[in-house]
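To start, the structure under review is shown below, and the notes come after it.
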Amino acid sequence: MSGGAVDPYLADDSGMAHGNMTMVGRVDHSRNGFDPTAMLTDWETGQTEVLTDGRTLRTFEVDAIDMEIEVAPGVFFPAWTFNGRVPGPALRAKEGERLRIIFRNLGSHPHSMHFHGIHSARMDGITGAGLIGPGEEFVYEFDARPFGCHLYHCHALPLKRHMHKGMYGLFVVDPDPARHPEHAAVAASRVLGSPENAEWQELAMVMNGFDTNFDGENEVYAVNTVGQVYMNEPIRIDKSRPVRIYLMNATEFDPINSFHLHGNFFDYYDTGTQLTPTLRTVDVIMQCQAQRGILEFSFADHEDGLYMFHAHQAEFTELGWMAFFDVQESGA
Ligand SMILES: [Cu+2]
């Protein structure tokens with residue numbers, strides 16, 4: 001039903017009012033090779049081994065790959081990807097671990113992985129420090145710190161082009177509860193796979209946009225790449241369990257993106273580097289490019305239903321950044 005002939009922004013042949021500014025049709029996730037719904041909970045934890053000093057070494061393997069992706073029904077974009085997906089894999093580690101990232105450039109341009117975190121200059125992912133040409137390999141190594149909700153992205157020039165092509169991803173460092181005795185319970189709840197963490201519904205979200213006609217402005221806006229995907233496929237929420245979103249803004253060309261939740265308020269941990277909220281009881285936050293944070297909220301006392309969330313810039317919502325939580329009783 002999508003087809004290349006249909007203008008996805010204006011046309012509507014589904015019987016709804018013409019011109020209500022919604023996209024028509026569905027993106028073929030299998031052709032893309034990634035599914036935005038699966039991406040919400042798809043954390044890449046790599047391979048671990050114990051070093052002689054007792055510390056954990058966590059190893060990730062990441063390849064840069066050129067790939068055409070469908071970002072809205074019938075709208076294709078020539079992306080540069082990490083591991084064949086946009087955003088790249090959501091890397092997750094624990095505070096204090098040693099991290100090793102084996103990066104191979106299988107693409108057609110020079111690329112790198114520049115991590116937002118604490119590391120040495122020679123591991124920075126810039127020219128002379130891990131920026132590699134096609135066919136080359138580089139191994140980044142550093143400690144997982146500070147804990148928080150971070151990101152990595154390609155730092156090849158022009159940066160505007162390399163980031164916008166899709167070369168970014170979440171880099172989450174879970175706090176080590178032993179290092180934070182004053183907030184050990186909160187820290188434990190953030191450690192992926194812990195009993196305290198199992199109660200939470202954690203979601204990985206990257207706000208992004210795509211300039212599909214290369215005029216320096218975005219034609220499609222989304223969370224996790226595919227415009228309006230969570231309108232078509234609302235995110236199922238068990239209302240008895242709290243929700244935690246790891247949110248990052250990778251949008252190029254627009255100075256600010258934002259997140260607004262309907263019918264509810266949330267606590268916000270700016271950059272995720274604290275264990276107490278930086279903002280309490282808010283319903284909108286904004287992020288410039290590379291800003292990120294953790295949102296926590298609950299629908300426990302709400303009626304079941306579809307609760308919207310979206311950027312609070314009307315242009316972004318109309319071009320794809322609009323979504324639903326489908327809140328239901330557990331087991332419903
Ligand atoms: Cu690049």
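What is segment 211-287 by shape, rounded, prolate or oblate, if you read a ≥ b ≥ c off the alpha carbon gyration tensor as root eigenvalues and call it rounded for a/c under 1.5, prolate for a/b larger than b/c, and oblate otherwise?
Taking the square roots of the gyration eigenvalues as a ≥ b ≥ c, segment 211-287 is oblate.
Go ahead and estimate [θ] at 222 nm for the chain from helices alone: -39,500 (n - 2.57) per DSSP H run with n ≥ 4, summed, over the residue count, rounded to 500.
So the calculated ellipticity at 222 nm is -2000 deg cm²/dmol.
Please work out the ratio of the alpha-carbon Rg of segment 104-189 to 2.2 N^0.38 Å and round it to two decimals.
1.30
With θ taken as phi - 60° and the coefficients 6.51, -1.76 and 1.60, list the Karplus ³J(HN,Hα) couplings across segment 110-121 in order, rounded to whole Hz; mark glycine and proline as x.
Listing the rounded values in order: x, 9, 8, 10, 9, 8, 7, x, 9, 7, 7, 4 Hz.
Out of residues 5 or more away from residue 143 or on other chains, whose amide H comes under 5 Å of its own, with H placed 1.01 Å from N in the peptide plane?
Amide H to amide H, under 5 Å and 5 or more residues apart or across chains, residue 143 pairs with 99.
Suppose the chain between residue 303 and residue 179 were pulled fully straight at 0.36 nm per residue; how much longer would it get relative to their current alpha carbon spacing?
Extra length available between residue 303 and residue 179 comes to 40.7 nm.
Leaving out ligands, DNA and RNA, and with a 1.4 Å probe, what % of the accessible surface on segment 201-288 is carbon or sulfur?
Exposed carbon and sulfur together represent 51 percent of the surface.
Give the Kirkwood hydrodynamic radius (Å, one decimal) of segment 67-143, defined as one over the mean of 1/r across all pairs of different Cα atoms.
So the Kirkwood estimate lands at 13.9 Å.
By the gyration tensor of its Cα atoms, with a ≥ b ≥ c the square roots of the eigenvalues, what is the shape of segment 277-325: rounded for a/c under 1.5, prolate for a/b over b/c, or oblate?
Cα axes put segment 277-325 in the oblate bin.
If the chain between residue 192 and residue 122 were fully stretched, how many nm would it gain, using 0.36 nm times the residue separation less the Cα-Cα distance?
Difference between extended and current length: 22.2 nm.
Can you tell me which of 107, 33, 320 moves the most in a GNM of the chain? Springs connect C-alpha atoms under 10 Å apart.
So, out of 107, 33, 320, the one fluctuating most is 33.
Of all DSSP beta bridges located in segment 166-310, what percent are antiparallel, nearest 5?
75 percent
Give, to the nearest whole percent, the P(r) tail of the chain beyond 26 angstrom, counting all Cα pairs.
Considering the chain, 47 percent of its Cα-Cα pairs are separated by more than 26 Å.
What longest range of the chain stays clear of loop-exposed chymotrypsin sites (Phe, Trp or Tyr not before Pro) (DSSP non-H/G/I/E/B, at most 14 other C-beta within 10 angstrom)?
Formally, the longest exposed-site-free interval is 1-213.
Give the percent of DSSP beta bridges with both residues in the chain that are antiparallel, rounded to the nearest 5.
70 percent
Got a sec? Which residues in segment 285-316 would a label at residue 264 touch, if it sits 7 Å along Cα→Cβ and we count backbone N under 20 Å?
Residues passing the 20 Å test: 285-287, 293-313.
If I take every Cα pair under 8 Å that is 6 or more residues apart in the chain, average their sequence separation and divide by the length, what percent do I get for the relative contact order?
About 14 percent, as a whole number.
How big is the dipole moment of segment 193-332 about its Cα centre under a simple scheme where the beta carbon of each Lys and Arg is +1, that of each Asp and Glu is -1, and everything else is neutral? Debye, nearest 20, please.
With Lys and Arg at +1 and Asp and Glu at -1, about 360 debye.
In a shell of Cβ-Cβ distance under 11 Å around residue 89, excluding residue 89 itself, what net charge do Lys and Arg (+1) and Asp and Glu (-1) give?
-2
Find the all-direction average of the projected area of the Cα convex hull for segment 204-332, expressing the result in square nanometres with one decimal place.
7.8 nm²
The values are calculated or read from the model by the stated rules, or taken from the named source; none is laboratory data. Only a predicted model underlies this, so the values are computations on that prediction, with no experimental measurement involved. Don't worry about glycine lacking a Cβ; one is built from the backbone with ideal geometry, like all the others, and counts go over all protein chains shown. Just the protein is used for accessible areas: all its heavy atoms, side chains included, with ligands, DNA and RNA removed. Shrake-Rupley method; radii C 1.70, N 1.55, O 1.52, S 1.80 Å.
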